[in-house]
Amino acid sequence: MSAVDPKKVYKNLTKKGFVESTKQNPDHKYLELFVENRLVVHTKLSHSNKDICEGLIRQMSIQCGLTKQQFLELVSCPMSQEKYLEILKDQGRF
């Protein structure tokens with residue numbers, strides 16, 4: 001997979017607990033994941049409807065604390081919210 005639909009990414013990240021940040025700008029939506037009222041992960045999505053390219057997928061995966069493959073699983077839904085939180089906990093993020 002070399003590109004992903006940003007609407008699908010947004011929809012699936014919000015299903016996994018991400019919320020839109022109050023910090024916005026005309027070019028990007030910022031998404032944040034809070035665990036126990038603490039900001040654990042943040043990433044951003046372009047307001048553009050263009051597919052997210054390989055380079056941005058890599059950047060978003062790093063921001064989310066995942067490998068590229070894990071990130072693709074997170075945003076295409078094979079990875080559950082529970083599994084994602086387990087990965088973050090194993091990394092010591094919370």
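Throughout, read-outs are computed from the coordinates displayed, never taken from laboratory work. None of these values were measured; they are calculated from a predicted model. Glycine gets a Cβ as well: all are built from the backbone with ideal geometry, and neighbour counts include every protein chain shown.
Pairwise over distinct Cα atoms, reciprocal of the mean inverse distance: report the Kirkwood radius of the chain in Å, one decimal place.
Final number for the Kirkwood radius of the chain is 13.3 Å.
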- Item | Partners for LYS68 among lysines (Cα-Cα distance below 20 Å; same-chain residues under 8 apart left out) | LYS7, LYS8, LYS11, LYS15, LYS16, LYS44, LYS50, LYS83, LYS89
- Note on the structure: Distance in nm between ASP90 and HIS42 label points, each 7 Å along Cα→Cβ, equals 2.7
- Placing +1 at every Lys and Arg Cβ and -1 at every Asp and Glu Cβ, with all other atoms neutral, what dipole size does the chain have around its Cα centre, in debye to the nearest 20? 120
- Note on the structure: Quick calc: nm separation of the 7 Å Cα→Cβ label points for LYS15 and GLN69 -> 2.2
- Rounded to the nearest 500 deg cm²/dmol, what is the calculated helix-only ellipticity per residue at 222 nm for the chain, with -39500 (n - 2.57) per DSSP H run of length n ≥ 4? -12000 deg cm²/dmol
- Exposure proxy check: PHE71, PHE34 ranked by fewest other beta carbons within 10 Å? PHE34, PHE71
- Item | Sites matching GluC sites (Glu not before Pro) across segment 15-89 that sit in DSSP coil, with at most 13 neighbouring C-beta atoms within 10 Å | GLU36
